[in-house]
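The values are calculated or read from the model by the stated rules, or taken from the named source; none is laboratory data. Values in this document were obtained by computation on a predicted structure and should not be read as measured data. No Cβ is skipped: glycine too gets one built from the backbone with ideal geometry, and neighbour counts run over all protein chains shown.
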Amino acid sequence: MTLNLPSSRRWRAALMSLVLPGFGQLYNGRPNRAIWLFLSLALLSVPALAWIGVRLPAALTLPALTASVLASLGIWGFSVVDAWRDAADAATRPRQAWQSGGVYALVFLACNGLVLPLAIDHVRLHHVASWRIPSDSMTPGILRGDILFADMRYNCPGCGRAVKRGDVAIFTYPNDRTLSYIKRIIGLPGDRVRIDGRVVSVNGQPLGAGPDGQGLASETIDGRTWRVRWSDDEAGASIERVVPPGAVFVLGDNRAHSRDSRHFETVPLRDVVGLARQVWFSKVPGGEVRWSRFGHVIE
């Protein structure tokens, strides 16, 4: 059984809009509608997500993100249905000179190969980026399998957000610049950081009193508090460092399972690129989704 012309045209238009919102409208000879649908999806799926990720209060981030995703899917679905419905009428309208396979291919390549990738790269480098946590080095606050938003408007000229003690930061690993690490900033340039056993001090001020019987402890600096985990093996360790100019001293919250400034010294400030903000998805590696982690704010 072969499809008649209107049915075949409808399927073609709907599938084109399924691949790229607005693409089916272009095929139907509706360039203005195609542009508006594509721009609506692009604005909701890229700049809007960036704005939500770094500007809204943490409590509103996950609901707003969900609403934005649903709106994007709604526009996509509308584009498919609209292309299907309009295809039969389009067959009765005069065909324009630009309605050709070459123009369709050029538009598709420009949108998917240039416009969207450039917009996504700009947002990821300068606004907000998503990072997956592959290790246990930041437990108990951040877990292996968490996927979090990081504010990339951080530690750069004009950003307005300088590096502070207690920040959970994304930085380039000094010994392999192809890798990015996540650790907590403990010391700023000029600070004297001392680790006596399982007690960390900055400029002579202890961050906490040491761990409890389960190896957990609370640390506080500059009005910020977080939880860390120590092991018995670290009870006798002693380290003292003065943070050099243009650098920061970093530690993982899971002290026994973290490679940090105790191992690779300090991190150049220029390599600190992002501030961890909020978990938006979490899954036990090879296991179930951690629903309770959705929206968890990084302390």
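Among the residues of segment 244-297, what is the count of those that are among the β-branched types (Val, Ile, Thr), in contact with a Pro (Cβ under 9 Å, 6 or more places away or on another chain) and more than 23 Å from residue 227 (Cα to Cα)?
Total satisfying the criteria: 0.
Looking at segment 180-215 only, could you name the residues that are acidic (Asp, Glu) and either under 31 Å from the mean Cα position of the chain (by Cα) or crowded, with 22+ Cβ neighbours inside 10 Å (or both)?
191, the sole residue that qualifies.
For segment 243-267, how many residues are surrounded by 13 or more Cβ atoms within 10 Å (Cβ to Cβ) and out of contact with any Gly (no Cβ under 6 Å at 6 or more places or on another chain)?
Looking only at that region, the number is 17.
Six or more apart or on different chains, Cβ under 8 Å: which pairs go from a residue in segment 86-104 that's over 11 Å from residue 29 (Cβ atoms) to one that's of a type in the set (Ser, Thr, Tyr)? Could you list them?
Filtered contacts from segment 86-104: 104/27.
I'd like to check something: does segment 194-203 contain any residue that is at pLDDT 95 or above, within 14 Å of residue 219 (Cα to Cα) and β-branched (Val, Ile, Thr)?
Scanning segment 194-203 turns up at least one residue that is at pLDDT 95 or above, within 14 Å of residue 219 (Cα to Cα) and β-branched (Val, Ile, Thr).
Only residues that are part of a loop (DSSP other than H, G, I, E, B), of a type in the set (Gly, Ala, Ser) and closer than 20 Å to residue 65 by Cβ: list them for segment 263-299, please.
Answer for segment 263-299, where residues must be part of a loop (DSSP other than H, G, I, E, B), of a type in the set (Gly, Ala, Ser) and closer than 20 Å to residue 65 by Cβ: just 295.
Do any residues in segment 164-189 that are more than 18 Å from residue 262 (Cβ to Cβ) have Cβ atoms under 6 Å from those of residues that are part of a strand (DSSP E or B) and among the small types (Gly, Ala, Ser), where the two are at least six apart or on different chains, and which pairs are they?
170/150; 170/180; 170/274
Exactly one condition in (1) assigned to a helix (DSSP H, G or I); (2) under 30 Å from residue 150 (Cβ atoms) is false for residue 33; which is it?
(2)
Only one of 71, 110 is in the same structural domain as residue 24 (by TED's automatic domain parsing) and either surrounded by 12 or more Cβ atoms within 10 Å (Cβ to Cβ) or among the acidic types (Asp, Glu) (or both); which?
Being in the same structural domain as residue 24 (by TED's automatic domain parsing) and either surrounded by 12 or more Cβ atoms within 10 Å (Cβ to Cβ) or among the acidic types (Asp, Glu) (or both) holds for just one of 71, 110, which is 71.
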